[in-house]
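Asks: First the structure, then my questions, so here it is.
Where a number appears in this text, it was derived from the coordinates with a stated rule and is not lab data. Source: prediction; values computed, not measured. Neighbour counts run over all protein chains shown; Cβ positions are idealised from the backbone, glycine included.
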């Protein structure tokens with residue numbers, strides 16, 4: 001459930017913003033586990049996926065100019 005929702009947010013927010021959300025979630029679930037509210041921390045084995053970086057128009061132009069030299 002936590003992983004599914006985080007992956008949905010991955011499409012909407014930047015990697016830095018999602019990292020902050022995940023850090024906050026880890027703190028909340030860690031505290032809930034130490035207080036005995038939950039038995040298992042759902043953030044324990046989850047890692048944020050890395051976004052693929054694409055070559056934008058500027059990068060493609062620079063690449064084509066460098067190749068022509």
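Asks: Listing 46, 29 from the residue with the fewest other Cβ atoms within 10 Å to the one with the most, what is the order?
Replies: Lowest count first: 46, 29.
Asks: Using Cβ counts within 10 Å as a stand-in for footprinting exposure, how do 28, 37 rank, fewest first?
Replies: On the way: 28 12, 37 9.
Ordered from fewest to most neighbouring Cβ atoms within 10 Å, 28, 37 come out as 37, 28.
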